[in-house]
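K.L.:
Please find one structure pasted underneath; my questions will follow.
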Amino acid sequence: EHESVLESIVDMKQPHFWYPEARAINSRTGGRQITFHVGPTNSGKTHTALAQLQLAKSGVYCGPLRLLAEEVFLRLNSAQVLCNLRTGQRTVDTPLAMHTACTIETANIHQPIDCAVIDEIQMIGDSTRGWAWTRACLALQAQEIHLCGNEAAIEVIQRLCADTGDTLKIIPYKRLSPLLASDEAIGSHLANSLRKGDCVIAFSRANLHQLKKFIEQETKQSCAIVYGGLPPETRTQQAALFNSQLSNYDVLVASDAIGMGLNLNIQRIIFTTLRKFDGKKER
């Protein structure tokens, strides 16, 4: 029997056996309750999951970015739900807190909690960071787990829940505002075509700074800028300038870093290119 247990632990094809504390929840209560909130950006899925976290006696938010963890940390504390913060760069211990907002790699899988929210679950398929989402899904000792992401992760989550014996409920969401594609390209008339609320997309830091300089020179408007290499605080500051009705920052130039962790009042998105180098190849 001892050898059988040892074999299951070292079997790389059965990672759910590596976390006996989480599997023990199945024998005590019939399994963890997994709710997968599936939908695109701006569909309200994460807002719904965080509302459930806020109601729980104890819990954890696991996100892909320090920026997102800090946002949830501030949101919960503002709602009088005491919350700690754990990221690779910063730790804040709030006295008497039973909730924690963290980047997913720092999630504590050894502490029993009532509720967990795992954000951007589709990143479970990421070649470099996907292990952290897999570990959280398999190991968090929470009776209630809310997953938030797009439909790309549905199949793998179904397979994981089949292995763990957890109950899975999938709730679909739709965008709260329409997303329409223009029939015409702007072409070479970018400066003359810009209007308040526009976001101009490029995929390199050099191109973004060139765009910012060009737009400010040609239109005399201040232009906010956001890309992945900026510190989180600077990204948040630039987003606030663009969102503010009182500033003169009517246009934003950005990389695809705006797709995660920032709420922006963008009215129109303009792509300067449809090709991007992903670190290995251009696609």
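The values are calculated or read from the model by the stated rules, or taken from the named source; none is laboratory data. Worth saying up front: this structure is predicted, and the values here are computed from it rather than measured. A quick note on method: Cβ atoms are made from the backbone with ideal geometry, for glycine too, and the neighbour counts reach across all protein chains shown. Accessible surface areas use protein heavy atoms only, side chains included; no ligands, DNA or RNA. Shrake-Rupley method; radii C 1.70, N 1.55, O 1.52, S 1.80 Å.
K.L.:
Please compute the alpha carbon radius of gyration of the stretch 143-203, then divide it by the globular-protein estimate 2.2 N^0.38 Å. Two decimals is fine.
P.N.:
Numbers: Rg = 20.3 Å, N = 61, 2.2 N^0.38 = 10.5 Å.
The reported ratio for this selection is 1.93.
K.L.:
Moving on to the next point. If we sort 94-103, 172-181, 214-223 on the protection proxy, mean other Cβ atoms within 10 Å, highest first, what's the order? Can you show the working numbers first?
P.N.:
Working: 94-103: 18.8, 172-181: 9.5, 214-223: 15.2.
Taking the mean over residues of other Cβ atoms within 10 Å, the ranking is 94-103, 214-223, 172-181.
K.L.:
Among the listed pairs Lys213/Lys276; Lys212/Lys276; Lys45/Lys213; Lys57/Lys169, which have their C-alpha atoms separated by more than 25 angstrom in this model? List each step's numbers first, then the result.
P.N.:
Numbers: Lys213/Lys276 21 Å; Lys212/Lys276 19 Å; Lys45/Lys213 37 Å; Lys57/Lys169 22 Å.
Table pairs above 25 Å Cα-Cα are Lys45/Lys213.
K.L.:
So, one more: Determine the gain in length on full extension of the stretch Glu282-Ile171; use 0.36 nm per residue of separation and subtract their C-alpha separation, reporting nm with one decimal.
P.N.:
Details: separation 111, 0.36 × 111 = 39.96 nm, distance 3.48 nm.
Full extension from Glu282 to Ile171 adds 36.5 nm.
K.L.:
Keeping the other protein chains in place, figure out the carbon and sulfur percent of the accessible area of the stretch 133-246, with a 1.4 Å probe.
P.N.:
Working: 3420 of 6630 Å².
Carbon and sulfur atoms account for 52 percent of the accessible area of the stretch 133-246.
K.L.:
Would you indicate which of (i) 57, 41, 41; (ii) 75, 43, 33; (iii) 64, 42, 35 is the value of Cα extents along the principal axes in Å derived from the coordinates of this structure?
P.N.:
The listed entry that was calculated here is (ii).
K.L.:
Could I ask something else about it? Compute the semi-axes of the equivalent ellipsoid of the stretch 194-283, taking the square root of 5 times each eigenvalue of the Cα gyration tensor, and list them largest first in whole Å.
P.N.:
Numbers: eigenvalues 86, 46, 26 Å².
So the equivalent ellipsoid measures 21, 15, 11 Å along its semi-axes.
K.L.:
Continuing with this model, one more query. Send over the semi-axes of the stretch 88-228's equivalent ellipsoid, whole angstrom and largest first, taken as the square roots of 5 times the C-alpha gyration tensor eigenvalues. Let's see the in-between values first.
P.N.:
Working: eigenvalues 333, 88, 41 Å².
Taking √(5λ) for each eigenvalue gives 41, 21, 14 Å, largest first.
K.L.:
What whole number of Å gives the distance from the Cα centroid of the stretch 45-74 to the Cα centroid of the stretch 160-185?
P.N.:
With the stretch 160-185 and the stretch 45-74 each reduced to a Cα centre, they are spaced 19 Å.
K.L.:
Can you give me the C-alpha center-to-center distance between the stretch 206-222 and the stretch 236-283, rounded to a whole angstrom?
P.N.:
About 14 Å separates the Cα centre of the stretch 206-222 from the one of the stretch 236-283.
K.L.:
Sticking with this structure for a sec: When the C-alpha atoms of the stretch 44-95 are aligned to their principal axes, what extent does each axis show, in angstrom, from largest down?
P.N.:
28, 25, 16 Å, listed from the longest principal axis down.
K.L.:
Another question, then. Can you tell me the mean projection area, over all orientations, of the convex hull of the stretch 8-130's alpha carbons? Units nm², please. Could the numbers behind the result be given before it?
P.N.:
Details: hull surface 35.6 nm².
About 8.9 nm², averaged over all directions.
K.L.:
Moving to a separate point now. For the chain, take the longest principal axis of its alpha carbons; what is the angle in degrees between that and the long axis of helix 154-164, to the nearest 10 within 0 to 90?
P.N.:
Orientation of helix 154-164: about 20 degrees from the principal axis.
K.L.:
Here is a follow-up. Would you mind computing, in nm to one decimal, how far apart the modelled labels at Ala152 and Ala206 are, each placed 7 Å from Cα along Cα→Cβ?
P.N.:
Using points 7 Å along Cα→Cβ, the separation is 2.8 nm.
K.L.:
If you don't mind, there's one more thing I want to ask. Taking H as built 1.01 Å from N, whose amide H comes closer than 5 Å to the amide H of Val38, not counting residues under 5 places away?
P.N.:
Placed amide hydrogens put Ile171, Tyr173 under 5 Å from Val38.
K.L.:
Would you mind working out the accessible area per residue for the stretch 113-173, using a 1.4 Å probe, and quoting it in Å²?
P.N.:
43 Å²
K.L.:
If you stretched the chain out fully between Ala191 and Leu96, how much longer would it get, using 0.36 nm times the residue separation minus the C-alpha to C-alpha distance?
P.N.:
Numbers: separation 95, 0.36 × 95 = 34.20 nm, distance 5.36 nm.
Additional length available on full extension: 28.8 nm.
K.L.:
With each label point set 7 Å from Cα along the Cα-Cβ vector, what nm distance links Ile109 and Gln245?
P.N.:
Spacing of the two 7 Å Cα→Cβ label points: 4.8 nm.
K.L.:
Would you work out which of Ala257, Gly59, Leu85 lies farthest towards the positive end of the dipole of the chain, given +1 charges on the beta-carbon of Lys and Arg and -1 on that of Asp and Glu, about the Cα centre?
P.N.:
It is Ala257, whose Cα lies furthest towards the positive end.
K.L.:
Related question: Using only Cα atoms and rounding to the nearest 10 degrees, what angle (0 to 90) does helix 232-243 make with the longest principal axis of the chain?
P.N.:
The two axes meet at around 50 degrees.
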